[in-house]
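Peer 1: Structure in structure tokens, see below.
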């Protein structure tokens, strides 16, 4: 992976989606990102990737939402095609980098959509920049005690790999190889020190949590619902039956449908445009969220 300040800004040979592929510089570090052609006065939605990965696996869902939101999908510093910063970033460092990336794009506020490790990054972003986040969408929010120690997390990832679409392998493998073993160990240690649950319960914005019923990295829906009930917040918990961990890649139609309904404060119903085994349903709706009977 190129170091900070690298002049080697190569774009992929073939675009991975309908989003434009671009480079910028954040704090002296080359950052690769993808962006929709939607007018900049459209509400911004930024997609935040997971552990060891780039934003590429988030593109199936991001692409479906590109006409409705000014869509940004960065590779955070140290991940994917982006350069490594001089000092490896922990969760707070990644949250600050995300804020400065939005500064670079001239974005004041945004809805943030995260998968896996991207969810703690969003929670930390909301902790430091509450005035800059409109809504939080936490898809498969891993990184807590359920994923510790590292050996257990690796076993969970191995089981999840057997449940994901085979096409994910060709997307994720180059990202993991770029990230490397030392970075994996360092980032895992940073996640174990991060107060994920405290930050989640401290959120004071409309928050959507999306779980896959076949995700081995997440506790069961009952445990998630128990946690959600500890805060009087705009927390809406939705299960996509049949999905595993990388929902943004494996079930983009169902997830995009849930996101649209959440953003419009409408009841969660299954997406008739995404037929198959997967279907979506609510398991918890916070008291401050509009009632499910809302039009």
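Read-outs: derived from the displayed coordinates by stated rules, not from any lab. Fair warning: this is a prediction, and the values are worked out from it, not measured in the lab. Don't worry about glycine lacking a Cβ; one is built from the backbone with ideal geometry, like all the others, and counts go over all protein chains shown.
Peer 1: Evaluate the distance, in nm, between pseudo-label points positioned 7 Å from the Cα of residue 222 and of residue 87 along their respective Cα→Cβ axes.
Peer 2: According to this spin-label approximation, the distance is 4.5 nm.
Peer 1: Can you tell me the order of 280-288, 257-265 when each peptide is scored by its average per-residue count of other Cβ atoms within 10 angstrom, highest first?
Peer 2: So the order, starting with the most tightly packed, is 257-265, 280-288.
Peer 1: What is the helix-to-structure angle for 91-104, meaning the angle in degrees between its Cα long axis and the longest Cα principal axis of the chain, kept from 0 to 90 and rounded to the nearest 10?
Peer 2: Once rounded, one gets 80 degrees.
Peer 1: Relative contact order for the range 57-130 using alpha-carbon pairs under 8 Å, separation at least 6, rounded to a whole percent?
Peer 2: 23 percent
Peer 1: Shifting gears a bit: Tally the DSSP beta bridges in the range 29-285 and give the antiparallel ones as a percent, rounded to 5.
Peer 2: 30 percent
Peer 1: I need the calculated FRET efficiency for the pair residue 22 and residue 177, taking r as the beta carbon distance and R₀ as 22 Å, to the nearest 0.05.
Peer 2: Calculated value: 0.40.
Peer 1: What is the angle, in °, between the Cα long axis of helix 181-193 and the longest principal axis of the Cα atoms in the chain? Nearest 10 is fine, range 0 to 90.
Peer 2: The angle comes out near 40 degrees.
Peer 1: What FRET efficiency comes out for residue 10 versus residue 189 if R0 is 41 angstrom and r is the Cβ-Cβ distance? Round to the nearest 0.05.
Peer 2: The value I calculate is 0.85.
Peer 1: Given contacts defined as C-alpha pairs under 8 Å and at least six residues apart, what's the relative contact order of the range 141-295, whole-number percent?
Peer 2: Contact order relative to length: 24 percent.
Peer 1: Using r as the Cβ-Cβ distance of residue 155 and residue 198, and R0 as 25 Å, what FRET efficiency do you calculate, to the nearest 0.05?
Peer 2: 0.45
Peer 1: Relative contact order of the chain: what whole-number percent is it, with Cα pairs under 8 angstrom and at least 6 residues apart?
Peer 2: This gives 16 percent for the chain.
Peer 1: Continuing with the same structure: I'm spelling it out carefully: the read-out is Cα extents along the principal axes in Å, the candidates are [x] 56, 44, 41; [y] 67, 51, 39; [z] 54, 45, 37, and one was derived from this structure. Which label?
Peer 2: [z]
Peer 1: So, one more: At residue 229 and residue 148, where each label point lies 7 Å from the Cα along Cα→Cβ, what is the point-to-point distance in nanometres?
Peer 2: The modelled label-to-label distance comes out at 2.5 nm.
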